[in-house]
1. On a 0 to 90 degree scale, rounded to 10, what angle separates helix 44-60 from the longest Cα axis of the chain?
2. State whether segment 182-330 is rounded, prolate or oblate according to the following rule on the C-alpha gyration tensor (a ≥ b ≥ c being the square roots of its eigenvalues): a/c under 1.5 gives rounded; otherwise a/b larger than b/c gives prolate, and the remaining case gives oblate.
3. Over the chain, what lengths in whole Å, largest first, do the semi-axes of the equivalent ellipsoid take, defined as the square roots of 5 times the eigenvalues of the alpha-carbon gyration tensor?
4. Work out, in µm²/s and without decimals, the Stokes-Einstein translational diffusion coefficient of segment 1-64 at 4 °C, 1.567 mPa s, Rh from Kirkwood over C-alpha pairs.
5. What does the accessible area per residue of segment 391-504 come to in Å², with a 1.4 Å probe and no ligands, DNA or RNA counted?
6. Could you point to the residue in Phe93, Pro134, Gly74 farthest towards the positive end of segment 65-143's charge dipole, with +1 and -1 charges on the Cβ of Lys/Arg and Asp/Glu respectively?
7. For segment 374-504, what value does the Rg/Rh ratio take when both radii are computed over Cα atoms and Rh is the Kirkwood radius, given to two decimals?
8. When the accessible area of the chain is computed with all protein chains present and a 1.4 Å probe, what percentage of it is carbon and sulfur?
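The values are calculated or read from the model by the stated rules, or taken from the named source; none is laboratory data. From a predicted model like this one, the values you see are computed outputs, not experimental measurements. Positions of Cβ are backbone-derived with ideal geometry, glycine not excepted, and every protein chain shown enters the neighbour counts. Protein only, heavy atoms only, side chains kept; ligands, DNA and RNA dropped before computing areas. Shrake-Rupley method; radii C 1.70, N 1.55, O 1.52, S 1.80 Å.
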Amino acid sequence: MIINRNPAKNSEIVSQHEISTTAELDKMLAKSTEAFKSWKLVPAPKRAEYLLKAANIYRARKKELSETLHRENGKPIEEAEGEIQEVIDTFEFFAGEGRRIYGMTGQSEMPGKSIITVREPIGPAVFITAWNFPAAVPSWKAAPCLVSGNTFILKPSELAPLSGKILVDILNETGLPEGVAQVAMGAGDVGSYLIKSPASKIVSVTGSTETGREVATIAAANFKKCALELGGKNAAIVLADADLELVTEGLVWGAYGTAGQRCTSTSRLIIDSKVSKAVVDGLKSKISKLGTSRSYTPIISYKQLVKIDALVKEAIAEGAELICGGEILKHGDRGANPLIEAKSTDEKLAGSNDGYYYAPTILKIKPEMKIARTEVFGPVLSVIEIDAKNFQSKENSKTPHNEAEAILKEALRIANSTDYGLSSSIYTRDINLAMQSASAFESGLVYINAPTIGAECGGASLFGGWKNTGNGSREGGITALDTYTQYKTIAIDYSGRLQRAQID
Ligand code: NDP
């Protein structure tokens, strides 16, 4: 049994779910295969109508669904409402795609011959999702999958499974044929079982890089289409000419919004030492009351809470300077927390009224430290200062602009020196330096004068990362269709005679 507790209030059980047995999973896979046979024949504009209906149900129930998401995931109600809005936007955007799903026409080298290429569905998909966006991420996968003519089984994270189940329930409420949209409950082994089955033809995973590697290996061995949206170690670069008020405001949101539990959260600040003190002081003052405010997000689980704390302690032992935070918020900060006081290793213990909170933390670090490369997935910002003195040469000290260019070069080297490549940001008023950064960042998302979070995934942003953050797939925008379709090229020879390509 999965007991889904509110991470802000452990005594509150939000929902309970039976774990799917292998017999049930086999049945789901068979249903998915059967439903695909007729669903793929439904014209795409008709398939799109189900998405529009689902968007309307979400709109009508927005308040209640946001409340449920807020309770199971812990993110503030305003953020939960934003996430439900993203589901609506995603469904509406891909409903529009139902009237396009464009193919191509080629130019034949022979007379009396046409060549067209169409996109066709592939088959049953399996979605494996994380807990941090329990409604939006399943919608990023479900909408392009369904409109393209595939069926799916969603395996949501056992830490926040309800919003994903509701998504499938709402899709079925629109009248989708049985077996088109299903949900399986359980931990990684349930996902793994579905992926290994020869019945599943597409695999789409949002999770850690380790999980992605495991799943991709299985998918590759079976030639399955595989889309990976994985971890990040996102950096914001701040140059001395930046609007510092905008920077601190952006960093509060980027590093501490959702308590740093976004794959795009800002976890490194790479900054010109001339403005470092002003920014760090400004940030410290802005976050001093955040940890105990109502708009602060709890950490999803006890396991994750102690992992964050261990990474911070390890960094300090390696020589990092603790500027603020660096502790689990316990008795006195947010009221008694028997779970933490008792140092229980039980992740979700009944009887405790408090949640898992980690203090907003700032560390000053060196780029070679382990924390500079490790994803923390918590409210921890690591500051790396760049001192112009270390880059003084005749050339770059001639003008302030030359100096800024030299600092930027080093900042970009550090920003790109991790295995991840999801999101990056640059704060400067110099358009040339901003554009040089946009071109040099090794990441799928780049922000200019904005934090690393906040992609508009209702069509405008293509969401996904470079390097170990993924395998080139993109969600949120039109290219999500690439995961769920395969091409078929059809040559029509109406000349009435044999024409031999490349020979006649
Ligand atoms: P995990 O990788 O631990 O889990 C993700 C999902 O994969 C869960 O449903 C999990 O099941 C399942 N899973 C775990 N192991 C396997 C396996 N061997 N085979 C199949 N499924 C498996 O990630 P978290 O849930 O902790 O999420 C945080 C991570 O997700 C971070 O690294 C974050 O950066 C990344 N993320 C990436 C996003 C992106 O778009 N790039 C967006 C959001 C998060 P269960 O947990 O139920 O056991």
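1. 40
2. Numbers: a/c = 2.57, a/b = 2.04, b/c = 1.26.
It comes out prolate by the Cα gyration axes.
3. Numbers: eigenvalues 339, 204, 68 Å².
Semi-axes (√(5λ), whole Å): 41, 32, 18.
4. Values: Rh = 15.5 Å.
My calculation gives 83 µm²/s for D.
5. Result: 52 Å² per residue.
6. Final value for the positive-end residue is Phe93.
7. On the way: Rg = 22.8 Å, Rh = 18.6 Å.
Here Rg/Rh amounts to 1.23.
8. On the way: 11440 of 21290 Å².
That share works out to 54 percent.
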